[in-house]
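The values are calculated or read from the model by the stated rules, or taken from the named source; none is laboratory data. Model, not experiment: these values are computed from the prediction. FYI the Cβ positions are ideal-geometry reconstructions off the backbone, even for glycines, and counts take in every protein chain you see.
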Amino acid sequence: MAKTIMIIDDSASIRMVVSIALKKTGYEVIEAKDGKDALGKMTGQKIHLILCDVNMPNMDGISFLKSIKQNQNYKFTPIIMLTTESQEAKKQEGKAAGAKAWVVKPFKPEQMLSAIEKLVLP
Amino acid sequence: MKTDPVLQTFIIESSENVQEMENSLLQLETSPDDEDTINALFRAAHTIKGSAGIVGIDNVERFTHIVENVLEQVRLGEIKVTGDLIGLLLKCCDHIGRLVDILSEGEDKAGNPDLEFEGQSIMEQLTAYIVADKDDLPSAQKDTQGVAGERKEISSDNRMVETGNWHISLKFSRDVLRDGMDPLSFITYLSKLGEIAGLTTLHDAIPDAGEMDPESCYLGFEIDFRSDSDKQTIEDVFEFVQEDCEISILPLHSENKADPPVVGAAPEKQEQIKAFKAKEAKTIRVDTNKLDQLINMVGELVIANANIDQQAQRIRDNSLLESASALSRLVEDIRDRAMKVRMVPIGETFNRFKRVVRDISRNTGKDIELVISGGDTELDKGVIEKIGDPLMHLIRNSADHGIEEADERLALNKPGKGTIRLNAFQETGSIVIEVSDDGRGLNRSRIMNKAMERGIINPGQSLSDREMYDLIFEPGFSTAQKVTKVSGRGVGMDVVKRNIETLRGSVDVESHEGVGATVHIRLPLTMAIIDGFMVGVGPLFYVIPLDMVVECLELSEADRQASLKRNYADLHGKVLPFLRLRDLFNEQNGRPPYEHVVVVQYAGRKTGLVVDELHGEVQAVIKSLGRVYKDIKGVSGATILGDGTVALILDVPGLVQTAKRMRKV
């Protein structure tokens, strides 16, 4: 069965690029436009990996990460944070919150896929 | 371009974000310190930049990146919000908006000089804001420098370690699972880069069940890894865990570094490694001792089977005979397969000589190519191990003495590039290895002179080509006019011959002057069990390797009388030298009324062996006679028959030689 990946980003075009690439590789994709939206869409189904932007309205990536670590259903889900190189401070904050995997924006779909495959194969 | 849904989404989204930026900026005019508004402004710019980067709209990304940098500092309070700044940022919004509009019109992105000029001037003004602040730019530069420095270090590291063999030690942190990382997934990913040749799981860190936290990871791994990837690539596999885990990636034996001659051979080597890898995936390594034991047991099985066969023959019970013959078939099968287990292709041994030939070409200045064929021919491992030295000698001889200098070759209408061929193939019961060159061939008169000089032949003695060429295998015979460092020290072909004979093989040479020479090496298929033909002389049994038996004749009384004096008989109109085993082995018991001649052939020569009785085919498990008896002429080993009787195995090559010598005398 195809593995499910959630992409959380406030940019619709990033979500689109990512989800096209993921679907082509054989993953199922759930899109969410911010942390709050994502939490609302996590209804107990198995999610194998979460790609999460840092800077988002409503609920940013770091807060989302913290809330996931408290969630019994999803606390072992690998999370890749998407960030820009200019956000070193955010990165430190994210690391403190338990984010281990980072992909720097802008990325090519291939870069993102190879990062994902280190954690979850399609 | 217009129909690309991703681009459409980007355009709509970016237009919205530009609008958002504008709104925020206008709001800031009235309340310049409102944090939420600044954040919203920053986020909108950030999103435009991020999307542009991923969708691949470079000019938007580049421009917005600068805008974002300024906004970042505004957010951190490093740049004060002023009316001028807001004015400038509003211009930025307009510019981004135009860049995006152009996309929707489907125009060439780079093709608008006015817009580009405008962008350039805004960027300069923006940078002025950034430069006004001391820390930022230099620190950004420092960063990139730092990264570049690191890269350089890594790449110099790489140069040392292009071995393809790695040892990776991993010790995952306790928290790795809680961090959402599965150790297995990294190892699975690793196997995409190459082959995991060995993996040991270290579990000694696992505490007692009572203390163990099921959410913690206590495991470590030692991995032997084969891959063409560089160290950086392998390190990158673990990039997400490298901060909390102990990881060491070490190259194994970096022997092939920086040796210039090797560099040229590197692609070839890579190919070899690849081929080797492909093969190795389906093989396992077994201690040769275990194999030898197995083959020994198979030997015993063959003997036991022969015994059962004999008993069945004696009892003459039909169903027993049937079972016995079914068993025989199976045993024969097992024997063949067991022997095959020890067989390995000779290709690898052949390939070693590519380097040898290369080096010789370099040292001698000759242009020589080694052409290899029949590399997949299989030989007993023991034979392969011992055949290397003789082959080395033959190849050096060919390269050094056989192949002429390039100008000499051209003068002879030969291609300037000399060719040495290595070929192997199977031929009835034996493996033939040929080393041939297209050089000058053997020089008959020089061999003749040398042989007379050494007293090997008498002046006036006429020899066939074959006999002449065989002289080069005589001890101390070397016709090379000058001793070079590659070959030709007078110890040579006789050693080659001896080495090959200890493998129960034979060697001969064929040559055409000016065209080239070919050395044929004949080796037995197997070393341990042979199909034999059993004969009797007096009360004793002897076994002749079956693949050397050509035919059997009855020696009539008349022939016998005639042959007593001359030791040769007439075989289909040709002279057949023969040997009386009875005389050879000093058998004193009375002669039977009839004798038989077993015609054996070895290396193209036929010889008759006169025996008392023919017993037929047997499978003979070769047992060595031990060191004490190793010099006995005419016998190469012994075997045990089904009833426990010992039979001696005849050394046909030796006997053929003896017959030849007797004929000369």
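If you check A:38, A:99, A:32, which single one turns out to be touching a residue at least 24 places away in the same chain (Cβ under 8 Å), within 10 Å of chain B (Cβ to nearest Cβ) and surrounded by 15 or more Cβ atoms within 10 Å (Cβ to Cβ)?
Only one candidate qualifies: A:99.
For the range B:216-251, a residue qualifies if it is of a type in the set (D, E, K, R) and either in contact with a Phe, Trp or Tyr (Cβ under 8 Å, 6 or more places away or on another chain) or under 23 Å from residue A:114 (Cβ atoms) (or both), and the qualifying residues are B:224, B:226, B:228, B:230, B:231, B:235, B:236, B:239, B:243, B:244.
Polar (S, T, N, Q), away from chain A (no Cβ under 14 Å) and part of a helix (DSSP H, G or I) - does that describe any residue in the range B:82-97? Give the derivation first.
Step one: list which residues in the range B:82-97 are polar (S, T, N, Q), which gives B:82.
Applying the additional criterion that residues be away from chain A (no Cβ under 14 Å) yields B:82.
Pick out the ones that are also part of a helix (DSSP H, G or I) and you get none.
Looking through the range B:82-97, none of the residues is polar (S, T, N, Q), away from chain A (no Cβ under 14 Å) and part of a helix (DSSP H, G or I).
Note on the range B:222-246: among residues that are surrounded by fewer than 18 Cβ atoms within 10 Å (Cβ to Cβ) and not in a loop (DSSP other than H, G, I, E, B), the one that is nearest to the other protein chains (Cβ to nearest Cβ) is B:236.
Residues in the range B:573-594 that are assigned to a loop (DSSP other than H, G, I, E, B) and among the hydrophobic types (A, V, I, L, M, F, W, C): B:585 only.
Residue B:293 meets all of the listed conditions (1) exposed (fewer than 14 other Cβ atoms within 10 Å of the Cβ); (2) outside any helix (DSSP H, G or I); (3) of a type outside the set (Lys, Arg) but one, namely (2).
If the condition is being buried (at least 16 other Cβ atoms within 10 Å of the Cβ), modelled with pLDDT under 85, within 21 Å of residue B:502 (Cα to Cα) and of a type in the set (Val, Ile, Thr), then the range B:622-653 contributes B:622, B:652. Hey, any hits in the range B:542-563 for a residue that's closer than 22 Å to residue B:648 by Cβ, at pLDDT 85 or above and in contact with a Lys or Arg (Cβ under 8 Å, 6 or more places away or on another chain)? Yes, some residue in the range B:542-563 is closer than 22 Å to residue B:648 by Cβ, at pLDDT 85 or above and in contact with a Lys or Arg (Cβ under 8 Å, 6 or more places away or on another chain). Only helices (runs of 4 or more DSSP H) whose full extent lies in the range A:55-122 are considered here, and the ones with at least 2 residues that are within 14 Å of the chain's Cα centre (by Cα) are A:61-69, A:109-119.
Return yes or no: is residue A:111 farther than 22 Å from residue B:244 by Cβ and either without any contact (Cβ under 8 Å) to a residue 24 or more places away in the chain or more than 12 Å from every other protein chain (Cβ to nearest Cβ) (or both)? Yes. Looking only at the range B:397-437, residues that are among the small types (Gly, Ala, Ser) and not in a helix (DSSP H, G or I) come to 6 in all.
Kindly check whether there is at least one residue in the range B:272-287 that is out of contact with any Lys or Arg (no Cβ under 8 Å at 6 or more places or on another chain), within 14 Å of another protein chain (Cβ to nearest Cβ) and at pLDDT 80 or above. Among the residues of the range B:272-287, not one is out of contact with any Lys or Arg (no Cβ under 8 Å at 6 or more places or on another chain), within 14 Å of another protein chain (Cβ to nearest Cβ) and at pLDDT 80 or above, which makes the answer no. Residues in the range B:428-444 that are surrounded by fewer than 22 Cβ atoms within 10 Å (Cβ to Cβ), over 27 Å from residue B:405 (Cβ atoms) and modelled with pLDDT of 90 or more: B:432 alone. Among the residues of the range B:631-657, the ones that are within 26 Å of residue B:577 (Cα to Cα) and assigned to a loop (DSSP other than H, G, I, E, B) come to 5 in all.
In the set (1) modelled with pLDDT of 85 or more; (2) under 22 Å from the mean Cα position of the chain (by Cα); (3) not basic (Lys, Arg), residue B:415 fails one condition alone, (2). Just to verify a result, which residue in the range B:9-41, among those that are touching a residue at least 60 places away in the same chain (Cβ under 8 Å) and facing another protein chain (nearest Cβ under 9 Å), is surrounded by the fewest Cβ atoms within 10 Å (Cβ to Cβ)? If we take residues in the range B:9-41 being touching a residue at least 60 places away in the same chain (Cβ under 8 Å) and facing another protein chain (nearest Cβ under 9 Å), then B:11 is surrounded by the fewest Cβ atoms within 10 Å (Cβ to Cβ). Checking every residue in the range B:536-543 against the condition of being on the phi > 0 side of the Ramachandran plot, out of contact with any helix residue (DSSP H, G or I) (no Cβ under 6 Å at 6 or more places or on another chain) and not acidic (Asp, Glu) gives at least one match. Once the range B:177-203 is narrowed to residues that are touching a strand residue (DSSP E or B) at 6+ places or on another chain (Cβ under 7 Å) and part of a loop (DSSP other than H, G, I, E, B), the residue that is farthest from the other protein chains (Cβ to nearest Cβ) is B:194. Look at residue B:194 and say whether it is buried (at least 17 other Cβ atoms within 10 Å of the Cβ), under 35 Å from the mean Cα position of the chain (by Cα) and over 27 Å from residue A:97 (Cα atoms). Against the criterion (buried (at least 17 other Cβ atoms within 10 Å of the Cβ), under 35 Å from the mean Cα position of the chain (by Cα) and over 27 Å from residue A:97 (Cα atoms)), residue B:194 qualifies.
Look through the range A:1-13, keep the residues that are in contact (Cβ under 8 Å) with a residue 60 or more places away in the chain and buried (at least 21 other Cβ atoms within 10 Å of the Cβ), and return whichever of them is nearest to the other protein chains (Cβ to nearest Cβ). My answer is A:9.
Flag: residue B:53 does not match the condition of being assigned to a loop (DSSP other than H, G, I, E, B), free of Cβ contacts under 8 Å to residues at least 24 places away in the same chain and under 22 Å from residue A:84 (Cα atoms).
Would you check if residue A:45 is away from chain B (no Cβ under 11 Å), out of contact with any helix residue (DSSP H, G or I) (no Cβ under 9 Å at 6 or more places or on another chain) and surrounded by fewer than 16 Cβ atoms within 10 Å (Cβ to Cβ)? Judged against the criteria, residue A:45 is a match.
Annotation: residue A:51 fulfils all but one of (1) more than 11 Å from every other protein chain (Cβ to nearest Cβ); (2) of a type in the set (A, V, I, L, M, F, W, C); (3) under 16 Å from residue A:106 (Cβ atoms); (4) surrounded by fewer than 22 Cβ atoms within 10 Å (Cβ to Cβ); the unmet one is (4). In the range B:595-621, the residue that is surrounded by the most Cβ atoms within 10 Å (Cβ to Cβ) out of those that are in a loop (DSSP other than H, G, I, E, B) and modelled with pLDDT under 80 is B:603.
Could you list, in sequence order, all residues of the range B:66-78 that are in contact (Cβ under 8 Å) with a residue 12 or more places away in the chain, more than 19 Å from residue B:22 (Cβ to Cβ) and either more than 8 Å from chain A (Cβ to nearest Cβ) or of a type in the set (Phe, Trp, Tyr) (or both)? Hits for the range B:66-78 are B:73, B:78.
If you take the residues of the range A:67-78 that are of a type outside the set (D, E, K, R) and touching a helix residue (DSSP H, G or I) at 6+ places or on another chain (Cβ under 6 Å), which of them is nearest to the other protein chains (Cβ to nearest Cβ)? Step through it out loud before you land on a result.
First pass over the range A:67-78, keeping only residues of a type outside the set (D, E, K, R): A:67-68, A:70-74, A:76-78.
Subset that is touching a helix residue (DSSP H, G or I) at 6+ places or on another chain (Cβ under 6 Å): A:74, A:78.
Working: A:74: 9, A:78: 4 Å.
This residue is A:78.
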